[in-house]
Amino acid sequence: MKQLYPSPTVLTSPAYLLITHGSGDYRSQLALEHLTRLIRMQIESQPDEISYPIVNTATLEFNSVPLHQQILQFAQDALALGSQELQLLPLFLLPGVHVTEDLPRAIAIAQTLIGKKISITQLPCLGTNIDLVKLWQNRLTTIKADAKILISHGTRRLDGNRVVEATAQQLGALTAYCSVSPSLYNRVTMLAKAGCKSIAILPHVLFKGAITDAIASQVTKLQQQLPQVELILEQPLGATVDLAQFIADRIKLA
């Protein structure tokens, strides 16, 4: 857990810990660090703020320190700066097992270890906010295609993909998944048979990494199989100012 925040003398607002899955891919790690810096810049740009919350990151996996210890360490840091509340924002687009089971378990352990000196609470995961769809809508304004597909990793958890389905509906897109049905292959071939000449494919992903590489590989193969159809692969949301502003707004409203 890298310290990406300044050290205010007195902290009166809650501290915030952004939770991600973690990745062995350097692109994802660098994007997360850059996004965190952008979030702090967005928060500190508010002229009416008396004190700024500290914002840091922690990961469920690909970290030598267990998540509950990462939470505990940051809670101790926040407490030392005067904060009495730590809020955790899961930067997950799906409310899967990590969000509903792993993270609450780590929070419970950390809270037990630190006691009642500071409260540790979990905010709803990023993907469940209905306004997030606007970021994808902005991407689509410059894309002309006969059809759109929103592709997500997906989850086998009951109703776990409801967020993706709702987002796709607002985008006027079909859904496809990497881990469950329907697959990208099934969706693209179905649309091709229906006469679509161009298909926009939007990864339901935050950062570049193994998932986006796998999607790109699938798109390349499909394009070779269906040369009569133009497949337009969009980039993931990425560490952009728009995403940072969105998260900063969620923090201010929490």
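The values are calculated or read from the model by the stated rules, or taken from the named source; none is laboratory data. All values reported here derive from a predicted model rather than from experimental measurement. All Cβ positions, glycine included, derive from the backbone under ideal geometry; neighbour counts span all protein chains shown.
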### Query
If you take the residues of the stretch 192-229 that are among the charged types (D, E, K, R) and either in the same structural domain as Ala244 (by TED's automatic domain parsing) or closer than 20 Å to Arg27 by Cα (or both), which of them is surrounded by the most Cβ atoms within 10 Å (Cβ to Cβ)?
Lys208
## Note on the structure
Counted residues in the stretch 189-214 being aliphatic (A, V, I, L, M), over 18 Å from Leu135 (Cβ atoms) and within 19 Å of the chain's Cα centre (by Cα) come to 2
### Task
Among the candidates Gly154, Gly82, single out the residue that is at positive phi and within 19 Å of the chain's Cα centre (by Cα).
Gly154
### Task
Keeping to the stretch 61-73, report how many residues are in a loop (DSSP other than H, G, I, E, B) and either at pLDDT 95 or above or of a type in the set (Lys, Arg) (or both).
2
### Query
Just one of the numbered conditions (1) modelled with pLDDT of 95 or more; (2) under 26 Å from Pro90 (Cα atoms); (3) not in a helix (DSSP H, G or I) is not true of Arg157; which one?
(1)
### Query
Residue check: is Gln76 outside the structural domain of His153 (by TED's automatic domain parsing), in contact with a Gly (Cβ under 9 Å, 6 or more places away or on another chain), of a type in the set (S, T, N, Q) and assigned to a helix (DSSP H, G or I)?
no
### Query
Pro182 is checked against (1) of a type outside the set (Gly, Ala, Ser); (2) surrounded by fewer than 21 Cβ atoms within 10 Å (Cβ to Cβ); (3) in a helix (DSSP H, G or I) and fails just one. What number does that condition carry?
(3)
### Task
Being more than 26 Å from Gln87 (Cβ to Cβ) and not in a loop (DSSP other than H, G, I, E, B) is the filter; apply it to the stretch 110-144 and report the residue that is modelled with the highest pLDDT.
Gln137
### Message
When you check Phe246 against the structure, is it out of contact with any His (no Cβ under 7 Å at 6 or more places or on another chain), assigned to a helix (DSSP H, G or I), of a type outside the set (D, E, K, R) and closer than 23 Å to Arg27 by Cβ, yes or no?
### Response
yes
### Query
Looking only at residues in the stretch 196-230 that are among the β-branched types (Val, Ile, Thr) and free of Cβ contacts under 8 Å to residues at least 40 places away in the same chain, which one is farthest from Leu88 (Cα to Cα)?
Thr220
### Task
Search the stretch 231-254 for residues being in contact (Cβ under 8 Å) with a residue 40 or more places away in the chain and farther than 22 Å from Asn129 by Cα, and hand back the single one that is surrounded by the most Cβ atoms within 10 Å (Cβ to Cβ).
Leu231
